[in-house]
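J.: Before I ask anything, here is the structure I am working with.
The values are calculated or read from the model by the stated rules, or taken from the named source; none is laboratory data. This one's a predicted model, so the numbers in the text were calculated from it and none came from an experiment. Accessible surface areas use protein heavy atoms only, side chains included; no ligands, DNA or RNA. Shrake-Rupley method; radii C 1.70, N 1.55, O 1.52, S 1.80 Å.
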Amino acid sequence: MKFDVTGNPDYGHVTVELKPGETILAESGAMSWMSSHLQTRSHLMGGLMQAAVRKVVGGESLFVAEYTADGSPGSVALSPTEPGSVLHRRLDGDGFILTAGSFLACTPGIALHTRFGGLKALFSGEGAFFLECGGHGDLFFNAYGGVVERDLDGVLVVDTGHLVAWEPGLTYTIGGMGGLKQTLLSGEGLVLRLEGRGKVYLQTRHLPSLARWILPFLPS
(Lines give C-alpha, C1' and ligand atoms only; values in the text may rest on other atoms or scores of the structure.)
Protein backbone atom coordinates (compact mmCIF):
# COMPACT_ATOMS: atom_id res chain seq x y z
CA MET A 1 0.00 0.00 0.00
CA LYS A 2 1.38 3.39 -1.00
CA PHE A 3 0.88 6.52 1.07
CA ASP A 4 2.07 10.13 1.08
CA VAL A 5 2.25 12.32 4.20
CA THR A 6 2.18 16.05 3.44
CA GLY A 7 1.55 19.30 5.32
CA ASN A 8 3.78 18.61 8.35
CA PRO A 9 4.33 20.15 10.83
CA ASP A 10 1.40 22.57 10.64
CA TYR A 11 -1.49 20.80 8.90
CA GLY A 12 -0.36 17.25 8.25
CA HIS A 13 -2.51 14.71 6.48
CA VAL A 14 -1.93 11.40 4.71
CA THR A 15 -3.14 10.24 1.31
CA VAL A 16 -3.40 6.46 0.98
CA GLU A 17 -3.48 4.69 -2.40
CA LEU A 18 -5.41 1.44 -2.21
CA LYS A 19 -4.99 -1.39 -4.69
CA PRO A 20 -7.94 -3.69 -5.37
CA GLY A 21 -8.70 -5.60 -2.18
CA GLU A 22 -6.70 -3.31 0.12
CA THR A 23 -8.33 -1.69 3.17
CA ILE A 24 -7.48 1.14 5.57
CA LEU A 25 -9.17 1.72 8.94
CA ALA A 26 -9.41 5.31 10.14
CA GLU A 27 -10.59 7.32 13.12
CA SER A 28 -14.21 8.33 12.59
CA GLY A 29 -14.46 11.73 10.88
CA ALA A 30 -10.84 11.76 9.66
CA MET A 31 -11.65 11.44 5.92
CA SER A 32 -11.13 14.70 4.00
CA TRP A 33 -11.68 13.29 0.48
CA MET A 34 -11.84 9.92 -1.27
CA SER A 35 -12.35 8.27 -4.66
CA SER A 36 -16.05 7.90 -5.31
CA HIS A 37 -15.93 4.15 -5.97
CA LEU A 38 -14.31 3.12 -2.67
CA GLN A 39 -16.45 0.91 -0.48
CA THR A 40 -17.02 2.38 2.99
CA ARG A 41 -18.51 1.10 6.20
CA SER A 42 -18.25 1.74 9.93
CA HIS A 43 -17.67 -0.93 12.53
CA LEU A 44 -16.48 -1.50 16.07
CA MET A 45 -12.77 -2.27 16.03
CA GLY A 46 -12.05 -5.14 18.40
CA GLY A 47 -15.68 -5.63 19.38
CA LEU A 48 -18.09 -3.65 21.54
CA MET A 49 -16.17 -3.87 24.82
CA GLN A 50 -12.78 -2.84 23.41
CA ALA A 51 -14.37 -0.04 21.36
CA ALA A 52 -16.30 1.25 24.38
CA VAL A 53 -13.16 1.30 26.53
CA ARG A 54 -11.23 3.23 23.87
CA LYS A 55 -14.08 5.74 23.63
CA VAL A 56 -14.57 6.30 27.35
CA VAL A 57 -10.98 6.22 28.61
CA GLY A 58 -8.79 6.46 25.52
CA GLY A 59 -10.25 9.49 23.78
CA GLU A 60 -10.89 7.62 20.52
CA SER A 61 -14.12 7.21 18.54
CA LEU A 62 -16.42 4.32 19.30
CA PHE A 63 -16.52 3.42 15.59
CA VAL A 64 -13.77 3.34 12.98
CA ALA A 65 -14.34 3.93 9.28
CA GLU A 66 -13.24 1.24 6.82
CA TYR A 67 -12.26 2.16 3.25
CA THR A 68 -11.75 -0.64 0.69
CA ALA A 69 -10.80 -0.60 -2.98
CA ASP A 70 -13.16 -3.14 -4.56
CA GLY A 71 -12.42 -3.93 -8.20
CA SER A 72 -10.28 -0.91 -9.06
CA PRO A 73 -7.66 1.18 -7.22
CA GLY A 74 -8.59 4.34 -5.36
CA SER A 75 -7.34 6.89 -2.84
CA VAL A 76 -8.47 8.37 0.45
CA ALA A 77 -7.02 11.36 2.33
CA LEU A 78 -7.11 11.42 6.13
CA SER A 79 -6.64 14.44 8.40
CA PRO A 80 -6.59 14.62 12.22
CA THR A 81 -8.86 16.99 14.10
CA GLU A 82 -6.04 19.04 15.61
CA PRO A 83 -3.52 20.97 13.48
CA GLY A 84 -0.08 19.42 13.58
CA SER A 85 1.90 16.47 12.30
CA VAL A 86 0.97 13.05 10.94
CA LEU A 87 3.45 10.22 11.43
CA HIS A 88 3.82 6.65 10.17
CA ARG A 89 5.03 3.53 11.97
CA ARG A 90 5.46 0.09 10.41
CA LEU A 91 4.79 -2.78 12.81
CA ASP A 92 6.15 -6.25 12.11
CA GLY A 93 5.09 -8.16 15.18
CA ASP A 94 6.46 -5.52 17.56
CA GLY A 95 4.45 -3.10 19.67
CA PHE A 96 3.94 0.63 20.00
CA ILE A 97 2.16 2.77 22.59
CA LEU A 98 0.04 5.87 21.80
CA THR A 99 -1.37 8.46 24.14
CA ALA A 100 -5.12 9.14 24.06
CA GLY A 101 -6.31 10.90 20.92
CA SER A 102 -3.17 10.16 18.87
CA PHE A 103 -4.54 7.31 16.76
CA LEU A 104 -5.39 8.27 13.15
CA ALA A 105 -5.47 5.11 10.99
CA CYS A 106 -4.09 1.62 10.47
CA THR A 107 -4.26 -1.39 8.19
CA PRO A 108 -6.41 -4.37 9.29
CA GLY A 109 -3.44 -6.31 10.71
CA ILE A 110 -3.03 -3.83 13.59
CA ALA A 111 -4.79 -4.46 16.91
CA LEU A 112 -5.47 -1.76 19.53
CA HIS A 113 -5.69 -2.51 23.24
CA THR A 114 -6.22 -0.11 26.13
CA ARG A 115 -3.51 0.07 28.81
CA PHE A 116 -4.09 1.59 32.25
CA GLY A 117 -1.41 4.14 33.14
CA GLY A 118 -1.72 3.72 36.90
CA LEU A 119 -3.63 5.46 39.68
CA LYS A 120 -1.42 8.56 39.63
CA ALA A 121 -2.27 9.08 35.97
CA LEU A 122 -5.89 9.68 37.00
CA PHE A 123 -4.77 13.02 38.47
CA SER A 124 -2.42 14.05 35.67
CA GLY A 125 -5.13 15.86 33.71
CA GLU A 126 -4.01 14.16 30.50
CA GLY A 127 -5.88 10.87 30.67
CA ALA A 128 -5.03 7.74 32.58
CA PHE A 129 -5.08 5.30 29.68
CA PHE A 130 -2.89 4.61 26.66
CA LEU A 131 -3.41 2.64 23.45
CA GLU A 132 -1.14 -0.35 22.94
CA CYS A 133 -0.75 -1.17 19.23
CA GLY A 134 0.52 -4.50 17.95
CA GLY A 135 0.47 -6.84 14.98
CA HIS A 136 1.62 -6.48 11.39
CA GLY A 137 0.87 -3.50 9.18
CA ASP A 138 0.98 0.27 8.89
CA LEU A 139 0.02 2.62 11.72
CA PHE A 140 -0.62 6.35 11.34
CA PHE A 141 -0.78 8.67 14.33
CA ASN A 142 -0.94 12.41 14.88
CA ALA A 143 0.50 15.08 17.16
CA TYR A 144 -0.44 18.66 17.97
CA GLY A 145 2.28 20.89 16.48
CA GLY A 146 5.67 19.61 15.42
CA VAL A 147 7.23 16.35 16.57
CA VAL A 148 10.56 15.72 18.28
CA GLU A 149 11.87 12.14 17.99
CA ARG A 150 14.24 11.10 20.76
CA ASP A 151 16.36 7.94 20.82
CA LEU A 152 16.44 7.45 24.56
CA ASP A 153 19.16 5.58 26.39
CA GLY A 154 18.66 6.44 30.03
CA VAL A 155 15.98 8.57 31.71
CA LEU A 156 13.78 11.32 30.27
CA VAL A 157 11.29 13.44 32.22
CA VAL A 158 8.30 14.46 30.08
CA ASP A 159 5.27 16.64 30.70
CA THR A 160 2.45 14.18 30.02
CA GLY A 161 0.71 16.68 27.73
CA HIS A 162 3.68 16.67 25.34
CA LEU A 163 4.01 12.89 25.10
CA VAL A 164 2.68 11.31 21.89
CA ALA A 165 4.06 7.77 21.65
CA TRP A 166 6.90 5.49 22.68
CA GLU A 167 8.31 2.03 22.13
CA PRO A 168 7.27 -0.65 24.65
CA GLY A 169 10.88 -1.35 25.63
CA LEU A 170 10.74 1.82 27.71
CA THR A 171 9.34 1.65 31.22
CA TYR A 172 7.56 4.59 32.80
CA THR A 173 6.48 5.98 36.15
CA ILE A 174 4.23 8.96 36.88
CA GLY A 175 5.05 11.34 39.71
CA GLY A 176 5.72 14.94 40.71
CA MET A 177 8.60 17.31 40.00
CA GLY A 178 10.32 16.41 43.26
CA GLY A 179 8.66 17.21 46.58
CA LEU A 180 5.10 18.46 47.06
CA LYS A 181 6.12 22.15 47.18
CA GLN A 182 8.20 21.88 44.00
CA THR A 183 5.41 20.03 42.23
CA LEU A 184 2.83 22.68 43.14
CA LEU A 185 5.04 25.69 42.37
CA SER A 186 6.58 24.38 39.14
CA GLY A 187 3.29 24.59 37.26
CA GLU A 188 3.99 21.20 35.72
CA GLY A 189 1.93 19.02 38.04
CA LEU A 190 2.62 15.34 37.43
CA VAL A 191 5.25 14.25 34.93
CA LEU A 192 6.11 10.95 33.30
CA ARG A 193 9.60 9.48 33.66
CA LEU A 194 10.61 7.21 30.80
CA GLU A 195 13.56 4.88 31.32
CA GLY A 196 15.43 2.41 29.14
CA ARG A 197 16.40 2.24 25.48
CA GLY A 198 13.96 3.08 22.70
CA LYS A 199 12.36 5.82 20.67
CA VAL A 200 9.95 8.39 22.11
CA TYR A 201 7.85 10.94 20.21
CA LEU A 202 7.10 14.35 21.74
CA GLN A 203 4.80 17.10 20.46
CA THR A 204 5.87 20.74 20.58
CA ARG A 205 2.43 22.09 21.50
CA HIS A 206 -0.15 21.27 24.17
CA LEU A 207 -3.84 21.85 23.39
CA PRO A 208 -5.16 22.08 27.01
CA SER A 209 -2.52 24.75 27.75
CA LEU A 210 -3.67 26.75 24.71
CA ALA A 211 -7.29 26.42 25.83
CA ARG A 212 -6.41 27.74 29.30
CA TRP A 213 -4.51 30.66 27.75
CA ILE A 214 -7.47 31.60 25.53
CA LEU A 215 -10.11 31.29 28.27
CA PRO A 216 -9.60 34.77 29.88
CA PHE A 217 -10.11 36.42 26.48
CA LEU A 218 -13.49 34.81 25.84
CA PRO A 219 -16.62 36.88 26.54
CA SER A 220 -18.34 35.92 29.76
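J.: Could you run the Karplus curve 6.51 cos²θ - 1.76 cosθ + 1.60 with θ = phi - 60° over segment 194-204 and give me ³J(HN,Hα) per residue in whole Hz, x for Gly and Pro?
T.: For segment 194-204, the Karplus curve yields 8, 9, x, 10, x, 9, 10, 10, 10, 9, 7 Hz.
J.: Give me a comma-separated list of calculated 3J(HN,Hα) values for segment 87-92, in order, Karplus coefficients 6.51, -1.76, 1.60 applied at θ = phi - 60°, integers in Hz, x for any Gly or Pro.
T.: Coupling constants for segment 87-92: 10, 10, 9, 8, 10, 10 Hz.
J.: What are the ³J(HN,Hα) couplings of segment 34-39, residue after residue, when phi is run through the Karplus curve with 6.51, -1.76, 1.60 and θ = phi - 60°? Round to Hz, x for glycine and proline.
T.: So the Karplus estimates, Gly and Pro as x, are 7, 5, 5, 8, 5, 7 Hz.
J.: So if each residue of separation counts as 0.36 nm, and I subtract the Cα-Cα distance between His113 and His88, what length gain in nm does that give?
T.: Values: separation 25, 0.36 × 25 = 9.00 nm, distance 1.86 nm.
Full extension of this stretch gives 7.1 nm more.
J.: Accessible area, 1.4 Å probe, largest first: how do Asp94, Asp153, Asp4, Asp159 sort? The partial results should precede the final answer.
T.: Values: Asp94 65, Asp153 115, Asp4 85, Asp159 40 Å².
Accessible-area ranking of Asp94, Asp153, Asp4, Asp159, largest first: Asp153, Asp4, Asp94, Asp159.
J.: Using a 1.4 angstrom probe on the protein heavy atoms only, could you order Phe141, Phe129 from most to least accessible area? Spell out each step's value before the answer.
T.: Numbers: Phe141 0, Phe129 50 Å².
Largest accessible area first, the residues go Phe129, Phe141.
J.: Note down the accessible area of His136, probe 1.4 Å, to the nearest 10 Å².
T.: Looks like 110 Å² after rounding.
J.: Then there's this: Pull up all non-local amide H partners of Gly145: gap of 5 or more, or a different chain, and H-to-H distance under 5 Å with H placed in the peptide plane.
T.: The answer is Gly84, Ser85.
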